[in-house]
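Let me begin by presenting the structure, written as structure tokens, before commenting on it.
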Amino acid sequence: MKNNQLKWLILIGLSLVWGSSFILMKLALIHLSPVQVGAFRMIFAGVFLLLIGFKQLKKINKRQWRYLLYISIAGTFIPVFLFTFAIQHIDSSIVAILNSFTPLNTLLVGYLFFKYVFNKQQIIGVIIGIIGTVLLVGESASTNPNDNYWYAFAVIAATIGYAINVNVIKKDLSDLEPMAIAVGNFTWVLIPSVIVLYFTGFFELNYTHQPILGALGYTLVLAVIGTALAMIYFNKMVQISTPIFAASVTYTIPIVALLWGIWDGEKISLLQLFAGAVILLGVYITNKN
């Protein structure tokens, strides 16, 4: 299959998988804490990747290990916890829409730290995206007054981490196989995740309690499919396309997440949908050329 066809196929698949990850986090958080969900997710993803790709570690040289450390912190460890905390306080569908800010931050990070060139069209796109974000947060806070929309900043911070991740993979790890990137990434976060999980009281939970087992099941699916396997294919997409195209997976993630949110009874107003459309318009204008 040609790279142009493959990148679109991966984009569609990741949209479905990651669009469903927000509702999985929400369901898991009913019986587990945000830190428990985040740490458990990374541990299972790391173990799974090491089981299927341990031999890939031999392909990583000393220089590449350093860059893998950067993306493991900025693009994996910190965002995982930021998203679980945000979803505990904000509707999962709104978090998914805010995640659409990733391509805009990818461009900004690329300009500031990777010497990418800005043009007027892209500046307009970023401004439109910011306006849409402000509208979305304001209307969402009005529609759901019991939610704490200060946690929207946690989502924005996570998208900055994703932006760093995409740019580093494209610039400094493009010569490394996608599987090796994923395995090396989670090798860095595995032990810190175990330490974090230990201090949450996770190992004192009643594992015979059905709701706890259900929450663990949701997190397991999130770890294996939504994290480990998805990361391998995302790394591949970054390598065969551009950073902005790869980050554009957030175009369609909100659509899937919105459908799940409606299924779960979340309140979505027309103005929220309009604000989300404004954000996506800003992303489209930024990406257009």
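Any read-out appearing in this document is the output of simple, stated calculations on the displayed coordinates, not a laboratory observation. Note that the coordinates shown come from a computational prediction; the quantities given were computed from them, not determined experimentally. Cβ: placed from backbone, ideal geometry, glycine included. Neighbour counts: every protein chain shown.
Comparing 285, 168, 33 along the charge dipole axis of the chain, the residue lying farthest to the positive side is 168, per the Cβ-charge model. Have a look at 279, 87, 124 and tell me which one the Gaussian network model of the chain (Cα, springs below 10 Å) gives the largest fluctuation. Result for the chain, Cα springs under 10 Å: 124 fluctuates most. So, counting K/R as plus one and D/E as minus one, what does the shell of residues with Cβ under 10 Å around residue 144 add up to? Result for the neighbourhood of residue 144: -3.
Here each label is just a point 7 Å from Cα along the line to Cβ, and for residue 58 and residue 284 those points are 4.9 nm apart. Where the centre of each part is set by its Cα atoms, how far does the range 235-282 sit from the range 1-69, in angstrom? That distance is 18 Å. With the Kirkwood sum run over all distinct C-alpha pairs, the range 67-222 has a hydrodynamic radius of 17.7 Å.
Across the range 80-93, rounded Karplus estimates of 3J(HN,Hα) from the backbone phi angles (6.51 cos²θ - 1.76 cosθ + 1.60, θ = phi - 60°) give 4, 6, 4, 5, 5, 5, 5, 5, 5, 10, 10, 3, 4, 5 Hz, Gly and Pro being marked x.
Extension gain for residue 130 to residue 263 (0.36 nm times residue separation, less C-alpha to C-alpha distance): 45.1 nm. Computed over neighbours whose Cβ is under 13 Å from that of residue 243, the net charge equals +3, Lys and Arg +1, Asp and Glu -1. Per-residue ellipticity at 222 nm from helix content only, as computed over the chain with -39500 (n - 2.57) for each DSSP H run of at least four residues, stands at -24000 deg cm²/dmol. In percent, rounded to a whole number, the relative contact order of the chain is 42, using alpha-carbon pairs under 8 Å and six or more apart. Between 274, 186, 44, the residue with the greatest mean-square fluctuation in the GNM of the chain (Cα pairs under 10 Å linked by springs) is 274. Among 119, 99, 148, the largest mean-square fluctuation in a Gaussian network model of the chain, built with springs joining Cα atoms closer than 10 Å, belongs to 119. Subtracting the Cα-Cα distance of residue 33 and residue 274 from 0.36 nm times their residue separation leaves 83.6 nm of extension gain. Taking 25 Å as the limit for the C-alpha separation, the pairs 59/170; 26/236; 120/236; 58/115; 2/171 exceed it in the case of 26/236; 120/236; 58/115.
Annotation for residue 204 and residue 9: the two label points, set 7 Å from Cα along the Cα-Cβ direction, are 5.0 nm apart.
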